[in-house]
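In what follows, a single structure is set out as structure tokens and then discussed.
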Amino acid sequence: MASPYTCLPLVFFILHLIIFFPTPTIAVNHYRPFNNTVPAVFVFGDSTVDPGNNNFIDTVSRCDFPPYGRDFDPNHTPTGRFTNGRLVTDFIVSYAGIKDYVPPYLDSSLSIEELMSGVSFASGGTGYDPFTAQINGGVIPVLNQLEYFREYRRRVEKAVGKEKTEMLIRNAVFLLSAGTNDMLANYYLTPFRRQTYSVPQYHNLMLQLTEQFLQGLMKEGAHTIAVVGLPPIGCLPIAITALSDNMLSSRRCVDKYSAVARQYNSMLQNKLKAMQTPSTRILYADIYNPLEDIAKNPTKYGFEEAGQGCCGSGYFEFSILCNPKSVVCPDASKYVFWDAVHPTEATYHKIFQSFIPLVNSFLKS
């Protein structure tokens, strides 16, 4: 595999297209709120929930090198998470008492016990639209992640039998987080989809593909599913850089692009309500409102900087452009964003806290 630095010319090309561990151990004797018996959490989506699957595929959309992971553990391990530490999904499984971290499914060293307590199939840079994954370094499309889950199911059935596998899936929680790369990287920063689709039409395409994915999960036996909406895409530092009229003098959210995310989220919520069945709960997880409030009122949450990331200039660097040679802020906990696209661990923890009522509803049931 090529060194990350030999790919820099390609990455500069990809950057105008893209916007948007140590092997974890199963937690022992963790406190389980509400005496819940949720056996596993299965995760699908993009870099917001990818714990390192891209480490195991041939792509430049990766971050398995410093300074990524700087605050993950005492060894500053670059796990492949697109941030300085943990993701929202790590906080969720720890809170639920399942284990400490969600590992990447493509890590071949995982034991059957680790697999059965939940894994992530997510791939940084991907989206619902397969073309998004293609232009973002050939990462794993969301629908292909469903194929990996089917492979997972066969592996577990072979190890513990069909009945136990079906029970595991029936009682597990499934989480899906994607769409940012579709709208920002694909639709706004390349001309291809805009030539064919209006914004409402592209939203409908995304929703059709989301519905197809969810129907596939339900067919595999999923009964409890959370779907994360779009964030305020106009607040991401790289969006401010690429789409703002005054990207240097005014590092503020570009509200007209965030408004597009709000419109999509409203349509998504209606779609999820329509897909409910007597035996399946499909709930909406709101990332938009908490992240927008943090980005627009950072001091309210203990942050000092929201308009640029901690790594490099904070205006455009992410993935291999945020690397061991980059200048990095001394304290990432003061920054809303780690790089020009992804929140810091501190921000992810704030978002997790906003999710607690939703998580509790799953754990209680």
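Observations on the model:
- Conditions (1) part of a helix (DSSP H, G or I); (2) at pLDDT 50 or above; (3) open to solvent by 50 Å² or more (accessible area, probe 1.4 Å); number of the one not met by Asn75: (1)
Rundown of residues vs (1) within 21 Å of Asn265 (Cβ to Cβ); (2) basic (Lys, Arg), yes/no style:
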position	(1), (2)
Gly161	no, no
Ala178	yes, no
Arg193	yes, yes
His203	yes, no
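- Taking the stretch 219-241 as the range and being open to solvent by 10 Å² or more (accessible area, probe 1.4 Å), in contact with a Lys or Arg (Cβ under 8 Å, 6 or more places away or on another chain) and not in a loop (DSSP other than H, G, I, E, B) as the test, only Thr224 passes.
- A single member of Ser326, Ser365, Ser354, Ser313 is surrounded by fewer than 24 Cβ atoms within 10 Å (Cβ to Cβ) and within 15 Å of Cys63 (Cα to Cα), and it is Ser326.
- Residue match in the stretch 170-186 (condition: open to solvent by less than 10 Å² (accessible area, probe 1.4 Å), under 25 Å from Arg251 (Cβ atoms) and touching a Lys or Arg at 6+ places or on another chain (Cβ under 7 Å)): yes
- Between Ala259, Ala332, Ala306, the distinction of being among the hydrophobic types (A, V, I, L, M, F, W, C), modelled with pLDDT of 95 or more, touching a helix residue (DSSP H, G or I) at 6+ places or on another chain (Cβ under 6 Å) and farther than 22 Å from Leu214 by Cβ belongs to Ala306 only.
- Residue in the stretch 260-301 that is surrounded by the fewest Cβ atoms within 10 Å (Cβ to Cβ), counting only those that are of a type in the set (Phe, Trp, Tyr) and closer than 19 Å to Thr180 by Cβ: Tyr284
- Restricting the stretch 90-113 to residues that are open to solvent by less than 10 Å² (accessible area, probe 1.4 Å) and in a helix (DSSP H, G or I), the residue that is nearest to Glu345 (Cα to Cα): Asp90
- Considering the stretch 187-199, the residues that are open to solvent by less than 60 Å² (accessible area, probe 1.4 Å) and of a type in the set (A, V, I, L, M, F, W, C) include one that is modelled with the highest pLDDT, namely Val199.
- Residue in the stretch 70-82 that is among the hydroxyl-bearing types (Ser, Thr, Tyr), farther than 20 Å from Ser109 by Cα and within 17 Å of the chain's Cα centre (by Cα) present: no
The values are calculated or read from the model by the stated rules, or taken from the named source; none is laboratory data. Remember, it's a predicted structure, so these values are computed and weren't measured experimentally. Note: ideal-geometry Cβ built from the backbone for every residue, glycine included; neighbour counts use all protein chains shown. When the accessible area is computed, the model is the full protein with side chains, heavy atoms only, and any ligands, DNA or RNA have been set aside. Shrake-Rupley method; radii C 1.70, N 1.55, O 1.52, S 1.80 Å.
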